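Heads up, the thing below is written out as structure tokens.
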């Protein structure tokens, strides 16, 4: 089973006033079969963690390691990371004008598998993945994320998750901006993926709402660029009741 | 900045008309036209119609002297098409609007005419190849589609020299004609062209300008309507690489009622001193009630050191129209698109190709001639491969 290990990860971004450190020593291990939730207030660095693992060029890794089954992820190009088995469902999926969803999905699947999918089963798989996420098959003919509503973009991310079927999925605020019906549909998709048994899920969220539908094994509270506290699902319940105040106070004192 | 943001940003600001250049006071319809070279002074680059063009390199095509070669014209087509040589002034749908067009008109000799007979419906395209042999030459083509005919005419410009051309296009009443003009001369070649089209009553013209090669290529396309109900779809694709200047100038003159025009030009630029210019003038005269027009130019700048100028102009003399609009946007290659595709496992080169082919996708779909779109696809791939090599070697230099 796959294991994603993050050790003492420090990440900064370039700003007008020089580099600014956002992640200050993140330690996290996500093994296949586990679902982890990272929760934290705005600006705590949750998305930075997600994009740094995926390899977005904006983020500079200043120290630390990220490995997938012992392989150095930080040494890989963005596409190599995806082919190694990492998947990032983005908070703000990007529009790609003129490229149809069908073409995009087939190109991505071919890249991930190293060979083109068999046409007959592939079309069936795509249509099933779309309908599972309550998306019309005609979405295949539309351009990638162009003119999609916020909810459609998020559902399209989960369609990709199911079709590309990575080892480890990182979901960056997939729940934000979704109404309750869409949230259920998206959660069912993530649960289908996780129920294969050997898949790792890192669910990044600001709210506890999605945790009613996706049950995490571990909850990490993220404050000021590092994990402030870890626990089981009960930690999420505490956050639901009391919010982030306790952690923010602790962070200010430090 | 994403393409969408660029569009909004451009739309909300006053249009740029280039550095230090005020909006011209002269209306488009007052621009002089003449068959006499002497009516046009040799351009110095400060004129409205030449200010974007590297005129110093065009002296040979401004010189009122006979060519030093006759470009080679080869034509083929399905049965029924008539090819013949006719006097230059036999049609006079076109009238030179600048010095180079007047020089070409006077020194091309006779015109080569392609005639599609009345009511002929051609199943295969007509091919005309105009090859410049490496010297200075001129050509004059006439494409005439008979009443209720349907045809595709592909004019392919190749070769190495300095070429001045005039193309006159007439679509008979109720006909549908698709003219594709491809400019793909050698790297040092220069080509200045003027196309004049007269769209018949209820006729449909698809005019496609595909510029893929040549050091300087400038194509001016003018469209008029012979009667009501005419429809002109004017498409253009260009891809300028380092040191190439690709220029397109359009003028759609709406004088008849209930006519349509739809202009869509898209270009990519890659490499140092890659340059594109697009000027889109549309005039809706007082009599042209019921006009429906839209023009759109988009440029995708793939590397540093490239520049795209885009100037849409719309003059409206009547409010009794269906619609009129224009849009122009020039954007840089969007790295977020690249990241998104790569994050799905697609290697960088393939991701880049996907984004660029996506950019051209809608216009390629409209060209409607498979042999042209396949060729275009191949050439774009080659150009992207060259651009990738350039950026890879630039990175290597930086890395040293």
Worksheet item: Across the range A:60-83, which residue is farthest from the other protein chains (Cβ to nearest Cβ) among those that are touching a residue at least 60 places away in the same chain (Cβ under 8 Å), in contact with a helix residue (DSSP H, G or I) (Cβ under 8 Å, 6 or more places away or on another chain) and surrounded by fewer than 20 Cβ atoms within 10 Å (Cβ to Cβ)?
Response: A:65
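Residue-wise test of (1) within 12 Å of chain B (Cβ to nearest Cβ); (2) part of a helix (DSSP H, G or I); (3) at negative phi; (4) touching a helix residue (DSSP H, G or I) at 6+ places or on another chain (Cβ under 6 Å).
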residue	(1), (2), (3), (4)
A:102	no, yes, yes, yes
A:127	no, yes, yes, yes
A:138	no, yes, yes, no
A:153	yes, yes, yes, no
A:156	yes, yes, yes, no
A:162	no, yes, yes, yes
A:178	no, no, yes, yes
A:184	no, yes, yes, no
Discussion item. Can you say whether residue B:320 is in contact (Cβ under 8 Å) with a residue 12 or more places away in the chain, surrounded by 20 or more Cβ atoms within 10 Å (Cβ to Cβ), out of contact with any helix residue (DSSP H, G or I) (no Cβ under 6 Å at 6 or more places or on another chain) and within 24 Å of residue B:227 (Cα to Cα), as far as the supplied structure shows?
Written reply: no
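Conditions (1) farther than 19 Å from residue B:97 by Cβ; (2) without any contact (Cβ under 8 Å) to a residue 40 or more places away in the chain; (3) surrounded by 22 or more Cβ atoms within 10 Å (Cβ to Cβ), marked per residue:
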residue	(1), (2), (3)
B:165	no, no, yes
B:192	no, no, yes
B:196	no, no, yes
B:204	yes, yes, no
B:216	no, no, yes
B:238	yes, yes, yes
B:247	no, no, yes
B:251	no, no, no
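Consider residue B:289 carefully, then state whether it is away from chain A (no Cβ under 14 Å), free of Cβ contacts under 8 Å to residues at least 24 places away in the same chain and on the phi < 0 side of the Ramachandran plot. Give the derivation first.
Working: away from chain A (no Cβ under 14 Å): yes; free of Cβ contacts under 8 Å to residues at least 24 places away in the same chain: no; on the phi < 0 side of the Ramachandran plot: yes.
Here the answer is no, as residue B:289 does not meet what is asked.
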Worksheet, complete the sentence: Of the candidates A:37, A:54, A:31, the one satisfying the condition of being in contact (Cβ under 8 Å) with a residue 12 or more places away in the chain and within 14 Å of another protein chain (Cβ to nearest Cβ) is A:54
Worksheet entry | Output for the range A:167-176, where each listed residue is within 14 Å of chain B (Cβ to nearest Cβ) and under 11 Å from the mean Cα position of the chain (by Cα) | A:168, A:169, A:170, A:171, A:172
Worksheet entry | Residues that are closer than 19 Å to residue B:342 by Cα and exposed (fewer than 15 other Cβ atoms within 10 Å of the Cβ), drawn from the range A:104-151 | A:113, A:114, A:115, A:116
Worksheet item: Which ones in the range B:267-297 are in contact with a strand residue (DSSP E or B) (Cβ under 7 Å, 6 or more places away or on another chain) and over 29 Å from residue B:319 (Cα atoms)?
Response: B:267, B:268, B:269, B:270, B:271, B:274, B:275, B:276, B:277
Worksheet item: Which of the following residues is more than 30 Å from residue B:381 (Cα to Cα) and in contact with a helix residue (DSSP H, G or I) (Cβ under 9 Å, 6 or more places away or on another chain): B:253, B:202, B:231?
Response: B:253
Fill in: Condition check for residue A:37: surrounded by fewer than 19 Cβ atoms within 10 Å (Cβ to Cβ) and either more than 27 Å from residue A:235 (Cα to Cα) or under 19 Å from the mean Cα position of the chain (by Cα) (or both)
no
Worksheet item: Residues of the range B:338-369 being modelled with pLDDT of 95 or more, under 17 Å from residue A:106 (Cα atoms) and either more than 9 Å from chain A (Cβ to nearest Cβ) or assigned to a loop (DSSP other than H, G, I, E, B) (or both), which ones?
Response: B:343, B:344, B:345, B:346, B:347
Fill in: Selected residue [surrounded by 15 or more Cβ atoms within 10 Å (Cβ to Cβ) and either within 14 Å of chain A (Cβ to nearest Cβ) or modelled with pLDDT under 75 (or both)] from B:75, B:14, B:3
B:3
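The values are calculated or read from the model by the stated rules, or taken from the named source; none is laboratory data. Just so you know, these numbers come straight off a predicted model, no measurement behind them. In this analysis, Cβ positions are derived from the backbone assuming ideal geometry, glycine residues included, and neighbour counts consider all displayed protein chains.
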